[in-house]
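What follows is one structure encoded as structure tokens, with my remarks underneath.
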Amino acid sequence: MSKINLDTTTVESREQRLGTVISWSGSASDLVKESRRSQKCDGNGKRCSLCDYKGPFTQGSTCSEQMVECQAGNVRGAVLIQHAPIGCATSQSVFNSIYRNGLAIRGLPVENVNIVCTNMDEGDVVFGGSAKLRGTVEDVWDHYHPKAIFIGTSCASGIIGDDVDSVASEYTKSLGIPVMPLYCEGFRSKHWSTGFDATQHGILRQIVTRDPKRKQEDLVNVINLWGSDVFSPMLKNLNLRVNYVVDMATVEELAQMSEAAATVGFCNTLGTYLGEGLEQSFGIPYLKSPQPYGIAGTDAWIRGLAELTHREKLAEEYIAREHERVKPKIAELKKKLVDVKGLVATGSAYSHGLISVLKELDIQVDGSLVFHHDPIYDSGDPQQDSLAQLVKNYGDVPNFLVSLRQPYQFYTLLKKVNPDFILIRHNGLAPTASRLGIPAAPLGDEHVAVGYEGILNLGNIVLEILKRKTFHKDVAKHTISPYSKWWLEQTDPNIMAKHPEIIWEGSQ
């Protein structure tokens, strides 16, 4: 893969770097094959791109700026300035709730997010918003005295071309702290995960310590969000300590990433840019093994980390102990989950991990909806191809839908697959399943399925959610579908993208 360029303040979008798509349908095995083909040259010096269906309308999405809010806005000791109209700040309340819950789960002091908005108005859009941005930086400094300031851009500040670079550079010098521009305009990328990369790009450029004076051979950077602390008990068996980044980390914990022995993650979608950037620019090895889900994935993840940190003997002892502990319990769960069908609707790489765990429990998974697909990750290492690892270790998923949170497509997928339950991360899709009598388990703690214990956790969650089937069947009996009879008869979620003439014919 090409080198991550930290010389510029702007991150390359996922489409540019990875060939990301947001609309596709077929089987998981076909998507693996097409993703590999897309990495090859077409003979004219260009990479073959993966097919990305363009539908006639969209029912909703999320933008990159919100991902900056939920990462840069969750760094303790820092402040995020949204250089945006006030409407972009409406999501602060949601991310404040998630942040406070995450701190409580992790046993950290509970506090509110430090996010402010420049409140750009019509005058700023016409005459420029740099003066207001300067005033906001000074107000933030006077009120918070932060150790770092992030400046997240917006569609408005991006369209008028406000010189955020110059303002950030000016105050980095005058205040003596990192003041970082994070370019995350909603129109910059068709998928919100570019916002993760924008935040991590700024941190790599201006917070991570260059040429650190010491190395911590037992410290491991764990790229995560707000989940419970499942990694400390796991890594303790290898005599390793955890440095959680980016969410809920302090500025100092982000700075010490260059002192660590290795970097790992639980989701390639979230961590690929930061992990690869730390390896390329700071020499910190990034673990490329499969994600830590199911027996096969967790074994490979533990062994890979042990190899990077020279703890192979401890790893084999830990793996043997855990196999002996969890395999009888997994066998008991399987007896209770006979003939159960599940469906996963979450972010891309995370979905691959959850399906692995469900299949480890012998739960039938015939369908999945993921919000985007990266044909390759920043390392370019085939070991990180989590979809290929899923198909290799646990078999195919015949109905695999890439859809940017489109309920009308999800409805079609659910009718086709007819699962007994669904696992979700973004709750907005749950009502669609309820209309069909299908209960949903929202995984608010994203670490719940990680590692050996995660297999048991997810099995027990499925048993609990199945108890609610009768309630959801009742909901379905008293619910009217919002879709037309014609749409309810369709079996291809992308039929309107493949045959747009259908809409024109329908209007005659």
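General remarks:
- Criterion (open to solvent by 10 Å² or more (accessible area, probe 1.4 Å) and among the aliphatic types (A, V, I, L, M)) met by exactly one of ALA168, ALA148, ALA156: ALA156
- With respect to (1) within 20 Å of ARG425 (Cα to Cα); (2) buried (at least 20 other Cβ atoms within 10 Å of the Cβ), the lone exception for VAL220 is condition (1).
- Test: residue in the stretch 464-472 that is part of a helix (DSSP H, G or I), closer than 17 Å to PHE371 by Cα and modelled with pLDDT of 90 or more: no
- Beta carbons closer than 6 Å, at least 6 apart along the sequence or on distinct chains, pair a first residue in the stretch 239-267 that is of a type in the set (Ser, Thr, Tyr) with a second that is assigned to a helix (DSSP H, G or I) for SER258/PHE282; THR263/GLY275; THR263/LEU278.
- Residues satisfying the stated conditions in the stretch 131-143, i.e. open to solvent by 30 Å² or more (accessible area, probe 1.4 Å) and under 16 Å from GLY158 (Cβ atoms): LYS132
- Listed by position, the helices (runs of 4 or more DSSP H) contained in the stretch 1-117 that have at least 2 residues being among the acidic types (Asp, Glu) are 28-38, 64-72.
- Candidates LEU387, LEU361, LEU314, filtered to the one that is under 21 Å from PRO442 (Cβ atoms) and modelled with pLDDT of 95 or more: LEU361
- Picking from residues in the stretch 47-101 that are of a type in the set (Ser, Thr, Tyr) and under 24 Å from ILE160 (Cα atoms), the one that is surrounded by the most Cβ atoms within 10 Å (Cβ to Cβ) is SER64.
- Considering only residues in the stretch 408-434 that are part of a loop (DSSP other than H, G, I, E, B) and touching a Phe, Trp or Tyr at 6+ places or on another chain (Cβ under 8 Å), the one that is surrounded by the fewest Cβ atoms within 10 Å (Cβ to Cβ) turns out to be HIS426.
- Count - residues of the stretch 159-180 that are touching a Lys or Arg at 6+ places or on another chain (Cβ under 8 Å) and under 10 Å from VAL125 (Cα atoms): 0
- Being free of Cβ contacts under 8 Å to residues at least 12 places away in the same chain and either within 26 Å of VAL391 (Cβ to Cβ) or of a type in the set (A, V, I, L, M) (or both) is a description that applies to GLU307.
- Pairs, first over 16 Å from GLY73 (Cα atoms) and among the basic types (Lys, Arg) in the stretch 193-215, second open to solvent by less than 10 Å² (accessible area, probe 1.4 Å) and not in a helix (DSSP H, G or I), C-beta under 9 Å, six or more apart: ARG205/MET180; LYS215/ALA260
- Residue list for the stretch 454-475, restricted to those being open to solvent by 30 Å² or more (accessible area, probe 1.4 Å) and either among the charged types (D, E, K, R) or free of Cβ contacts under 8 Å to residues at least 60 places away in the same chain (or both): ASN457, ILE461, GLU464, LYS467, ARG468, LYS469, THR470, PHE471, LYS473, ASP474, VAL475
For every residue, the table says whether it meets (1) more than 18 Å from the chain's Cα centre (by Cα); (2) of a type in the set (A, V, I, L, M, F, W, C).
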residue: LEU361; (1), (2): yes, yes
residue: SER368; (1), (2): no, no
residue: HIS372; (1), (2): no, no
residue: TYR408; (1), (2): yes, no
residue: ILE422; (1), (2): yes, yes
residue: GLY437; (1), (2): yes, no
residue: ASP445; (1), (2): no, no
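- Members of the stretch 311-336 found to be acidic (Asp, Glu) and in contact with a helix residue (DSSP H, G or I) (Cβ under 6 Å, 6 or more places away or on another chain), listed by number: GLU312, GLU322
- Selection count, the stretch 331-372, where residues are open to solvent by 30 Å² or more (accessible area, probe 1.4 Å) and either in a helix (DSSP H, G or I) or more than 11 Å from GLY459 (Cα to Cα) (or both): 12
- ILE284 meets all of the listed conditions (1) more than 27 Å from ASP396 (Cβ to Cβ); (2) in a helix (DSSP H, G or I) but one, namely (2).
- Boolean, PRO375 is assigned to a loop (DSSP other than H, G, I, E, B), open to solvent by less than 30 Å² (accessible area, probe 1.4 Å) and closer than 26 Å to PRO442 by Cα: no
- Of all residues in the stretch 390-405 being open to solvent by 10 Å² or more (accessible area, probe 1.4 Å) and in a loop (DSSP other than H, G, I, E, B), the one that is nearest to ALA497 (Cα to Cα): LEU404
- Residue match in the stretch 301-310 (condition: touching a helix residue (DSSP H, G or I) at 6+ places or on another chain (Cβ under 8 Å), closer than 21 Å to LEU463 by Cβ and open to solvent by less than 10 Å² (accessible area, probe 1.4 Å)): no
- Condition broken by VAL32, with the remaining ones in (1) over 21 Å from the mean Cα position of the chain (by Cα); (2) at pLDDT 95 or above; (3) of a type outside the set (Gly, Ala, Ser) satisfied: (1)
The values are calculated or read from the model by the stated rules, or taken from the named source; none is laboratory data. Being a predicted model, the structure only gives us computed values, none of them experimental. Please note: Cβ atoms are built from the backbone with ideal geometry, for glycine as well, and neighbour counts cover all protein chains shown. The accessibility values were calculated without ligands, DNA or RNA, using every heavy atom of the protein model including side chains. Shrake-Rupley method; radii C 1.70, N 1.55, O 1.52, S 1.80 Å.
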